[in-house]
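All of the numbers you see were taken from the coordinates with simple rules; none came from a lab. The structure displayed is predicted, hence computed values, not measured ones. Heads up, the Cβs are rebuilt from the backbone with ideal geometry, glycines too, and the neighbour counts pull from every protein chain shown.
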Amino acid sequence: MSKPEIYKFFSDYVYEHTGILYKENDYYRLDSRFNTLIKTFELKDVDELYQLYVQKITPSMHTALIDLCTNNETYFMRDLKPFKAFAKEGVEHLKETFPSAIKYKIWSAASSTGQEPYSLLMSLDSFGDNVDLTKFTIDASDISTEALAKAKKALYSGLEVQRGLPANLLIKYFEQVEENWQLSDQIRNKVSFREFNLLTGKFPLNEYHIVFCRNVLIYQAMENKKKILANICDSLKPGGLMFMGAGESLIGVDIPMKQMELGKAFCYIKEK
Ligand SMILES: C[S@@+](CC[C@H](N)C(=O)[O-])C[C@H]1O[C@@H](n2cnc3c(N)ncnc32)[C@H](O)[C@@H]1O
């Protein structure tokens, strides 16, 4: 089999199962992933890898490939403004819009290694005005089992905590364990993580007050992006808010949500 055909086989598989698009000029980015898989399955070369996958893809082969082909780049308090706005004006919005809510349900819909949902809780606790954390439940999900396993451990390297996390929050919420940093149980135990594929998962209806869906749809083709956003919209309660990544928007997507300024950030509100 020629190399372009092998690339096409793997990129088609990844696209079908995740919606992540490796275009022809991105194919070279698969090489390092192939090398990792070759080592994992103790193979000789990419031809053997292809032969293995083309015969039968077992669940562990599937997981290994998907884990490698997702980009799990994330960091604490990414872009900061949405987290501050969420903790202050976002909480005000929730109180006004849902006055009888017993709990506010938040969903971090592509949580990667956990920095986003943990940042949400640290923000509520540190940037909010006496926010009662017991009023919030945070669900977090991702397609990558490897990212989820790391998220659940909540143990981060020095480099990871230095990216984005203000020093006072590091001291307040983390304990140093040898060269790593362990997040306190007070924050860690409040997030429930699960595996969820945004492309194929069954979305709950009318469930969430706020969804963070950041820096994941940029890797999706427009038709998938539209489908996922329509499902997220259905998952939100009317009046609920959705936060996207800094470079992301609803341009070209026809769903009943409007852009809204929230403190110093922007988000989208689901029409009532
Ligand atoms: C770049 S990270 C963004 C993490 C975080 N939201 C942030 O903004 O820092 C993108 C995450 O989306 C996940 N992902 C990619 N495709 C997905 C899909 N179809 N369903 C669920 N998660 C997906 C990846 O595994 C990865 O962890």
Practice problem: Check each of the GluC sites (Glu not before Pro) in segment 32-81 and keep only those in coil by DSSP with at most 15 other C-beta atoms within 10 angstrom; list them in order. | Solution: Glu42, Glu73
Quiz prompt | 0 to 90° range, to nearest 10: angle between helix 30-40 axis and the chain longest Cα axis | solution = 80 degrees
Self-check item: Net length gained if the chain between Leu43 and Met61 were fully extended (0.36 nm per residue, minus Cα distance)
Solution: 5.2 nm
Quiz item: Looking at segment 155-254, which trypsin sites (Lys or Arg not before Pro) are in a loop (DSSP not H, G, I, E or B) and have at most 13 other Cβ atoms within 10 Å?
Solution: Lys202
Self-check item: Low-density loop cleavage sites - trypsin sites (Lys or Arg not before Pro) in segment 28-77, where at most 11 other Cβ are within 10 Å (DSSP)
Solution: Lys44, Lys56
Exercise. With r as the distance between the Cβ atoms of Thr200 and Glu271 and R0 = 30 Å, compute the FRET efficiency 1/(1 + (r/R0)^6) and round to 0.05.
Key: 0.65
Quiz item: Residues with amide H under 5 Å of Val211's amide H, sequence separation 5 or more or different chain, H placed in the peptide plane at 1.01 Å from N; which?
Solution: Trp107, Leu241, Met242, Phe243
